[in-house]
Amino acid sequence: MELSEIMKDGRTAFTFEIFPPKRDMPIETIYKTLDGLQGLHPDFISVTYGAGGSAADTKTADIARIIKEKYGMESAVHLTCLYNSKEDIDLIVEQLKERNIKNILALRGDYNPNAVTEPKEDFKHASDLIAYLKTKGDFHIMGACYPEAHQEAESLDADIENLKKKVDAGASHLLSQLFFDNDAFFRFLEKARKAGINVPIEAGIMPCTSKASIERMVTMCGASLPAKFTRMMARYQDYPDALKEAGIAYAIDQIVDLVSRGVDGIHLYTMNSPYVAKKITDAVAPLINPGLTR
Ligand code: FAD
């Protein structure tokens with residue numbers, strides 16, 4: 001289904017995110033993940049782009065093509081601009097067109113101390129990349145948003161003002177950073193709507209499946225942890241299998257609440273785990289659009 005269609009008539013989107021295999025691993029290792037995700041019928045699967053990635057690395061675009069052609073599912077690529085010049089982006093756009101990829105999550109990206117090149121000067125913010133991509137063809141362009149504000153923003157209000165610039169530049173759909181506190185997401189949503197941001201906003205859900213991964217993510221993105229979440233971590237932190245199941249249960253609970261409160265969509269960070277994605281999908285798929293077949 002075309003992305004512009006997936007949220008028509010109040011339909012709630014259910015989308016997945018995966019990451020490409022590490023540099024020294026063959027692209028075929030992604031097949032195992034995709035084999036497991038295929039039967040779950042997400043509206044699309046987005047594929048991340050390495051921090052400091054370059055036009056020479058076509059893994060993200062290649063996997064997006066595999067998702068469409070081999071697995072028959074819709075796909076989207078993430079694309080960052082901090083380390084790409086206009087010429088690099090032109091080259092990547094050609095690669096996407098060759099692969100018939102129409103959906104792009106356009107991002108600034110983060111500074112990467114291990115990047116092989118220095119940041120380029122052509123694009124300062126995601127909104128610059130979005131405006132540029134709009135001139136390059138008929139792409140469905142998405143942007144990132146941050147329910148608890150981007151870590152560099154002065155305040156949530158300032159971040160939402162900047163978010164509006166992305167939408168004005170041509171982003172027609174937003175995917176959110178992960179969060180564990182649904183009330184924080186709805187506070188953000190209310191402010192975004194008041195600021196005139198009227199495009200669909202999917203809520204980013206990351207199941208907490210190990211103590212190490214959650215600590216890393218929280219340090220990186222600063223998500224706040226409700227008491228219910230920290231109690232769960234404290235209870236199960238020494239029991240990895242139980243923690244994984246508790247993390248899945250927490251994500252399901254979050255999704256049921258979000259959907260009941262009318263969220264536009266759920267963007268599930270699958271961490272390339274078909275096991276986790278399947279458990280969550282089995283629990284929530286009948287609730288996402290009751291009465292509609294997936
Ligand atoms: P921007 O929108 O440019 O925002 C960055 C900062 O600048 C914010 O503080 C914002 O308030 C401010 N700002 C924005 N526009 C303006 C403006 N016009 N004027 C002044 N200030 C402005 N990273 C990767 O490397 N690869 C990925 O695949 C990837 N996928 C992601 C997927 C999702 C759903 C999310 C939420 C993030 C993802 N990221 C990824 C991380 C992202 O690259 C970082 O969060 C990055 O720091 C910001 O990217 P952005 O596109 O939001 O930047």
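The values are calculated or read from the model by the stated rules, or taken from the named source; none is laboratory data. All values reported here derive from a predicted model rather than from experimental measurement. Note that we place each Cβ from the backbone using ideal geometry, even for glycine, and neighbour counts take in every protein chain shown.
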For this session: Scan Leu174, Leu156 and give me the residue that is closer than 26 Å to Leu3 by Cα and within 13 Å of the ligand (Cβ to nearest atom).
Result: Leu174
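Can you tell which of Asp168, Asp128, Asp183 is surrounded by fewer than 17 Cβ atoms within 10 Å (Cβ to Cβ), within 25 Å of Val47 (Cα to Cα) and without any contact (Cβ under 8 Å) to a residue 60 or more places away in the chain?
When all the criteria are applied, what remains is Asp168.
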For this session: Tell me, please, whether a residue that is of a type outside the set (Val, Ile, Thr), touching a strand residue (DSSP E or B) at 6+ places or on another chain (Cβ under 6 Å) and over 24 Å from Glu190 (Cα atoms) can be found in region 131-138.
Result: yes
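If a residue must be part of a helix (DSSP H, G or I) and either among the hydrophobic types (A, V, I, L, M, F, W, C) or farther than 20 Å from Ile30 by Cβ (or both), how many such residues does region 42-94 contain?
Going through region 42-94 one residue at a time, the tally reaches 14.
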Exercise. Which one of these does Gly109 not meet: (1) more than 8 Å from the ligand (Cβ to nearest atom); (2) under 25 Å from Phe16 (Cβ atoms); (3) of a type in the set (Gly, Ala, Ser); (4) assigned to a loop (DSSP other than H, G, I, E, B)?
Worked result: (1)
Exercise. Just a yes or no: is a residue in region 203-224 of a type in the set (D, E, K, R), modelled with pLDDT of 95 or more and either on the phi < 0 side of the Ramachandran plot or surrounded by fewer than 19 Cβ atoms within 10 Å (Cβ to Cβ) (or both)?
Worked result: no
Exercise. Looking at region 49-63, is at least one residue farther than 26 Å from Lys166 by Cβ and surrounded by 15 or more Cβ atoms within 10 Å (Cβ to Cβ)?
Worked result: yes
Seminar exercise, completed: Subset of region 23-41, residues of a type in the set (A, V, I, L, M) and either part of a loop (DSSP other than H, G, I, E, B) or within 16 Å of the ligand (Cβ to nearest atom) (or both), comes to Met25, Ile27, Ile30, Leu40
Exercise. Quick check: anything in region 223-237 under 18 Å from the mean Cα position of the chain (by Cα) and over 23 Å from Thr12 (Cα atoms)?
Worked result: yes
Seminar exercise, completed: Across region 123-153, the tally of residues that are in contact with a helix residue (DSSP H, G or I) (Cβ under 6 Å, 6 or more places away or on another chain), away from the ligand (no atom under 13 Å from the Cβ) and among the acidic types (Asp, Glu) stands at 0
Exercise. What do you reckon, is Lys32 over 17 Å from Phe139 (Cα atoms), modelled with pLDDT of 95 or more and surrounded by fewer than 24 Cβ atoms within 10 Å (Cβ to Cβ)?
Worked result: no
Exercise. Filter region 255-294 for residues that are within 16 Å of the ligand (Cβ to nearest atom) and farther than 17 Å from Asp43 by Cβ; which is surrounded by the fewest Cβ atoms within 10 Å (Cβ to Cβ)?
Worked result: Met271
For this session: Could you please find all residues in region 161-220 being of a type outside the set (Phe, Trp, Tyr), within 17 Å of Val256 (Cβ to Cβ) and in a loop (DSSP other than H, G, I, E, B)?
Result: Asp181, Met206, Pro207, Cys208
For this session: Say whether the condition of being in contact (Cβ under 8 Å) with a residue 40 or more places away in the chain and assigned to a helix (DSSP H, G or I) is met by at least one residue in region 267-275.
Result: yes
